[in-house]
Amino acid sequence: MSRYARQTLLSEVGAEGQARLSDARVIVIGAGGLAAPVLPLLAGAGIGQITIVDGDTVALSNLHRQTLFAEADCGRPKAAVAAERCRALNGEINVIASEQALTSENAADLVAQADVVLDCADSYAASYILSDTCFGAGKPLITASVLGLSGYVGGFCGGAPSLRAVFPDAPDNGASCATAGVLGPVVGMIGAMQAQMTLNLILGLDPSPLGQMVQFDARTLRSTTFRFDNAPEPDRHFRFVSPGDLTEDDLIVELRGEDEAPKPVHPNAQRLSLNALKSEPSKEKTLALCCATGLRAWRAAEELQPDWSGEIVLVAAATS
């Protein structure tokens, strides 16, 4: 019996749909909790090429939700281990492990390799870098986020509005899984929906997942969904850039104190307060605001924007 017999029985799939899946190239940014259900589900469905991008290594604290990994994998590269698991599940597909973090410098090349991009990274910076890159390239982006007992998954770009159209302002909550906690099954359910959205998109099912958002609350076991097909793109936004994108002419400011970050994100970074920046005479310069996740920099940029004539860009110490 064919490996894909159970899914090709579906009228939504069939032989033609299976051929679409086999021809598809998908790139997954982040090999953590969301990717734990995403990767085996896509590999099992027969996605022809899966590229896994992650520069991190497996840690013991990951295992309660990152169920692709075992205790023996601790210390190993996540991308490599995840690729091994996918190949073990389906030897008929091509799985590529890319042991690097997503940055504004490599995003365009990575996105160009795929028909569909999945954002499984736990990073504001990664999500907006991917959205900006996919929107410009016309590539669909399926992105998800989980914190505590709730999360969302949505289909952006590729003809639909970008992530910025739905979330144009800096998030109110700066918490992360590392600081606020997260329960494994929530991540698993959101990740499974992310995989389903991807399959729906490749199979051409109607309605399209692009322009659709699903929110899930595990405390009440309730989900809500809405479409945002006509959401307008913001007139202005702050780009996330990498340290390598900055020049000697830019004013680079590290927002974290020495006690928090003895080594700044960029070697030319100065430690200046917002009050000092408000009285800065060279407001026509490109201002690069640096912090750990990019969120503090984004909030500072919103405060400084009315008086700053040059571009303000954001630099995060980590993007995936």
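In debye, nearest 20, what is the charge dipole magnitude of the stretch 1-127 about its Cα centre with +1 on Lys and Arg Cβ and -1 on Asp and Glu Cβ, if you could check?
Approximately 400 debye in magnitude.
Note the full-extension length gain between Ser2 and Ala19 as 0.36 nm times their separation in residues minus their Cα-Cα distance, in nm to one decimal.
My answer for the length gained is 4.8 nm.
At R0 = 22 Å, how high is the FRET efficiency between Gln215 and Ser61 if r is their beta carbon distance? Nearest 0.05 is fine.
Once rounded, the FRET efficiency stands at 0.25.
Pull out the extension gain between Ile96 and Asp245, defined as 0.36 nm times the separation in residues minus the alpha carbon to alpha carbon distance; nm, one decimal.
51.0 nm
Considering the Cα trace of the stretch 1-125, what is its radius of gyration and what is Dmax, both in angstroms?
Using the Cα atoms of the stretch 1-125, the pair Rg, Dmax is 14.9, 45 Å.
Which three extents, in angstrom, do the Cα atoms of the stretch 174-320 have along their principal axes, listed largest first?
Here the Cα extents, ordered largest to smallest, are 54, 35, 27 Å.
Leaving out ligands and nucleic acids, note down the accessible area per residue over the chain with a 1.4 angstrom probe, in whole Å².
Heavy-atom accessible area per residue stands at 45 Å².
Given Pro207, Leu277, Gly158, which one lies farthest toward the positive end of the charge dipole of the chain, if we put +1 on the Cβ of every Lys and Arg and -1 on the Cβ of every Asp and Glu?
Positive-most Cα among the choices belongs to Pro207.
Which percent, to the nearest 5, of DSSP beta bridges fully inside the chain are antiparallel?
Just about 40 percent of them are antiparallel.
Spin-label point model (7 Å from Cα, Cβ direction): what's the Glu84 to Leu205 distance in nm?
With each label placed 7 Å out from Cα toward Cβ, I get 3.3 nm.
Using all alpha carbons of the chain, what is the percent of pairwise distances in each 20 Å bin, ordered from the shortest bin to the longest?
P(r) over the chain, rounded to whole percents: 32, 56, 12, 0.
How many angstrom lie between the Cα centre of the stretch 198-250 and the Cα centre of the stretch 253-320?
Taking the Cα centre of each part, the stretch 198-250 and the stretch 253-320 sit 25 Å apart.
Whenever you get a sec, compute what percent of the accessible area on the chain sits on carbon and sulfur atoms (1.4 Å probe).
Of all accessible area on the chain, carbon and sulfur atoms account for 50 percent.
Testing the spin-label approximation: label points 7 Å from Cα along Cα→Cβ at Thr225 and Glu311. State their distance in nm.
About 3.8 nm, to one decimal.
Using unit Cβ charges (K, R positive; D, E negative) and no other charged atoms, how large, in debye to the nearest 20, is the dipole of the chain about its Cα centre?
Charge dipole, the chain, about its Cα centre: 920 debye, nearest 20.
Just how large is the dipole of the stretch 29-85 about the Cα centre, in debye to the nearest 20, putting +1 at every Lys and Arg Cβ and -1 at every Asp and Glu Cβ?
Roughly 80 debye, rounded to the nearest 20.
When the chain is fully extended, how far beyond the present Cα-Cα distance does Glu280 get from Glu105, taking 0.36 nm per residue of separation?
Using 0.36 nm per residue and subtracting the Cα-Cα distance, I get 60.1 nm.
With label points built 7 Å along Cα→Cβ from the Cα atoms of Ala137 and Gln270, find their separation and express it in nm.
Simple spin-label model gives 3.7 nm for this pair.
Using Cα atoms only, what is the angle between the long axis of helix 295-304 and the major principal axis of the chain, expressed in degrees (0 to 90) to the nearest 10?
40
Starting from the Cα of Lys278, draw a straight line to each of the lysines and keep only those under 26 Å, dropping any in the same chain fewer than 8 residues away.
Qualifying lysines at Cα under 26 Å: Lys263.
The values are calculated or read from the model by the stated rules, or taken from the named source; none is laboratory data. The model shown is predicted, which means the values in this text are computed figures rather than measured ones. Methodologically, a virtual Cβ is constructed for each residue, glycine included, from the backbone with ideal geometry; neighbour enumeration extends over all protein chains shown. Heavy atoms of the whole protein, side chains included, go into the accessibility calculation; ligands, DNA and RNA do not. Shrake-Rupley method; radii C 1.70, N 1.55, O 1.52, S 1.80 Å.
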